[in-house]
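What follows is one structure encoded as structure tokens, with my remarks underneath.
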DNA sequence: CCTACCGATCGGTAGG
DNA sequence: CCTACCGATCGGTAGG
């Protein structure tokens, strides 16, 4: 399932059009992480990509379709950088630690100019009803459910509450690092993840 | 130190102008909690207050001054609803619990149409350098330092890390509630606050 | 994928 | 606190 799956038939060589579309979406995700998904403007995106506004617009048909495609592209990026590499680790605590480490390492490496897309997008859209908000909420609900499932596998009690704590702490690290530029928040977040996973295991003994 | 302190001389009767200004700022804080502090538009704010755009504009001189005044008004609101009532409780764990309860109770009561101003404003401005970002960062740094100070009074080890956890969990409750409308996040957040404060105390025995 | 355009709205100003 | 404006930019369309 590559990023071009929606525009090219399975097995086909990606067309030039879908390569352009993928490049637009990569940039859209990065820009939205900085400006927010609503503040993302078609004109500005076109200027940065050195193409005409209407040329870019033709790929999507409306700003909302562009936003929905950007949410899907960001979800694909999250799967590739956080979820799938961690699936090499055994289910349960080890896999959760791998997910948290991959997420925090990416934040700390400053690979993304605007930090976490989901932190920016969820705050921007949480009070704007409609399909964009629903797509963001569905992605985050899925990852919370993934955390909860792995916590249950690890034998942690109150897995739903601990999943909320894990989510809060890694997102809190993103938020605090954006504002303070103090890397110690990553140490705090990693120590908290360690403690949550260790507490859970000792509780089952 | 009332909200009118900046426009009226100390002890003077608040003028009609400063009453209008205060009403503008109340609405600006509520609107910014929904639309973000950048998405807040002078035209829309004027329409909602049934006054002309330039009439409203005359109170501030620029959009940035309006945003800075809204940040200050939101800080005053936070002090009045969360910080000051908790100062009736003894310093340390009891005061922290009172602050967390006041914050979570206000979120759960849906008093604010857009949830927490600081969650929306910090995500919106964390990547926009300038005085607005600096004012938001300073307010949040102050409250984090307040939490840390009370944790030290309570004899909690690693007070800076636990302050980060407290911050992350109450902000996480705001974020999750905005998206899921599931009130169980407040139970999770309260249970986490209880555990953080209880762990800290037992660690000192 | 382009040029050329539309009505609406943005922040801000002139002058009262 | 108002009316009447300004240039810039917004999302979107026509026509190629």
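Just so you know, all these numbers are worked out from the coordinates, no wet-lab data involved. Just so it is clear, the model here is predicted, and its values are computed rather than measured. Quick reminder, even Gly has a Cβ in these numbers, built from the backbone with ideal geometry, and neighbours come from all protein chains shown.
Inter-label distance, residue A:187 to residue B:50: 5.7 nm, where each label sits 7 Å from its Cα along the C-beta direction. Counting only alpha carbon atoms, the long axis of helix A:184-203 and the longest principal axis of chain A meet at about 50°.
Straightening the chain between residue B:111 and residue B:180 buys 23.1 nm, computed as 0.36 nm per residue apart minus the Cα-Cα spacing. Measure nothing fancy, just the Cα-based angle from helix B:63-78's long axis to the longest principal axis of chain B, in degrees from 0 to 90, nearest 10. Result, in degrees: 40. Per-residue packing, averaged as other Cβ atoms within 10 Å, sorts the ranges B:156-164, A:164-172 into the order A:164-172, B:156-164, beginning with the highest.
Simple spin-label estimate for residue B:41 and residue A:153 gives 4.8 nm between the two label positions (7 Å along the Cα-to-Cβ direction from each Cα). Averaging Cα coordinates gives a centre for region A:119-191 and one for region A:104-118; these two points are 14 Å apart. Pairwise alpha-carbon distances in region A:45-137 exceed 24 Å for 37% of all pairs. Between copies, residue B:19 shows label-point distances of 6.8 nm, shortest first, with the point placed 7 angstrom from Cα along Cα to C-beta. Dimensions of chain A along the principal axes, based on C-alpha atoms and rounded to the nearest Å, stand at 62, 42, 32, largest first.
Taken residue by residue and averaged, Cβ atoms of other chains lying within 10 Å of the Cβ of A:124-133 number 4.
Adding -39500 (n - 2.57) for every DSSP H run of four residues or longer, then dividing by how many residues chain B holds, sets the calculated 222 nm ellipticity at -22500 deg cm²/dmol. Per residue of A:32-43, other chain Cβ atoms within 10 Å of the residue Cβ number 2 on average.
Chain A residue nearest the rotation axis toward B, with distance: A:123, 2 (Cβ to axis, whole Å). Expressed in Å, the radius of gyration and Dmax of the Cα atoms of the protein assembly as shown are 22.6, 77. Remark: relative contact order (chain A) = 21 percent; criterion is Cα-Cα distance under 8 angstrom and separation of 6 or more residues.
Once the Cα atoms of helix A:159-180 and of chain A are each reduced to a long axis, what angle between those two axes, in degrees from 0 to 90 to the nearest 10, is obtained? For A:159-180 against chain A, the angle is about 60 degrees.
Label-to-label distance, residue A:141 versus residue A:23, with points set 7 angstrom from Cα along the beta-carbon direction: 3.7 nm.
Across identical copies of the chain, residue A:90 has label-point separations of 4.6 nm, listed in ascending order, with the point defined 7 angstrom from Cα along Cα→Cβ.
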